[in-house]
Each structure stands twice: as C-alpha cells, then as structure tokens.
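Following: one structure in structure tokens, then a few remarks.
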Amino acid sequence: MRVGFAADHAGAGLKRELLRRVAEARPDDELIDLGGDGTDPNDDYPDFAQRIGEAVRDGMVTRGILICGSGVGASVAANKIRGVRAAVCHDTYSAHQGVEHDDMNVLTLGARVIGSEPALECALAFLHATFSDEPRHQRRLDKVLAIERATIEGR
C-alpha cells in the first residue's frame, strides 16, 4: 500500500515518529512524506490537507495520514476535496471501522490530543482495515458519493 503522511507545524513531530514506526511495522508499504517538518509556524493545516487530499484523489497514494494540533481542522479541510473521506480517530475502533463501514481513506490525528503509542495503534488499525462489501455499507457509501456529486454539480 502507498501511504502519504503530512502535517502542519503542530503535527510534524508526531508525523516523523509515525513514519519511522509504521515503516518498522509495515515494511512492505511505501510511505511517502508529503511535507511539514515543523520548522515554519506558518505551515498551516489546509496546505497539508490539500496535499494529502490531492494525492489520494489522483491515486498517488492509497491512503493518507494527516496530523495537525487537534486533527479537526485537517479533517475539515481534507474533506473539501472530491474523493476524500477523512475523519479524526483517536481510538482504534473508529480507525478501523471508518475504513470497514465508510471507506475512509484519510486518517487525521491531533498531535496535541493523542500520545504517540495510541497514534501508532490508530494508524495501524486504519492501514490494516479494508472496506466491507456488505450491501448496507455500500448503500450508505453510495449515498455519500451522491451527496458529493450533487454538491460539485451545484445542486
């Protein structure tokens, strides 16, 4: 799996740690650092949400892990990009269930909210999960995608 990582100034430290630890836990994955090293306090979450979102949308990565201070702003911004289904998950159940039921493709984390061990556990739960092909989950995803299409088309 190709996984993109990005972070604003508040999330850069956690991003570095997750890149290292996910590489150890999932050596067959290709991990791509899409920026945010923490040196510039003007590195804002919308910029990195756009990088991750476009990488997912364009097929450069299969999934993305996006980190800001709370995870909320990054999630809001990433969800503005067509094809992105991002959510803040600070527990492993939500991290895997978001993929299994909702086809979530971007995990957002709050570096000021979650510690490095729970963040790693959430990242691994997210990356190990696959979308369920159960009819009820597909039906719900289809409804979400219809909302997305209608919004883009201006209806």
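Key figures for this structure:
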item	result
Sequence ranges 40-46, 103-109, ranked by mean other-Cβ count within 10 angstrom, highest first	103-109, 40-46
The chain: angle of helix 12-25 to the longest principal axis, Cα-based, in degrees nearest 10	80 degrees
Residue-span extension gain [Arg57 to Glu100] - 0.36 nm each, minus C-alpha spacing	13.6 nm
C-alpha long axis of helix 135-152 to longest principal axis of the chain, angle in °	80 degrees
Karplus-derived 3J(HN,Hα), 6.51/-1.76/1.60, for each residue of region 113-119, Hz, glycine and proline x	10, 10, x, 5, 5, x, 5
Amide H contacts under 5 Å for Leu31, placed H, 5+ residues apart	Val3
Extension gain, Arg21 back to Ser116 (0.36 nm per residue minus Cα-Cα distance, nm)	33.2 nm
Expected 222 nm ellipticity per residue - DSSP helices of 4 or more, -39500 (n - 2.57), all of the chain, to 500	-15500 deg cm²/dmol
Residues whose placed amide H lies under 5 Å from that of Gly64, excluding near-sequence neighbours	Gly4, Val106, Leu107
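Read-outs: derived from the displayed coordinates by stated rules, not from any lab. Being a predicted model, the structure only gives us computed values, none of them experimental. As a convention, Cβ positions derive from the backbone with ideal geometry for all residues, glycine included, and neighbour counts pool all protein chains shown.
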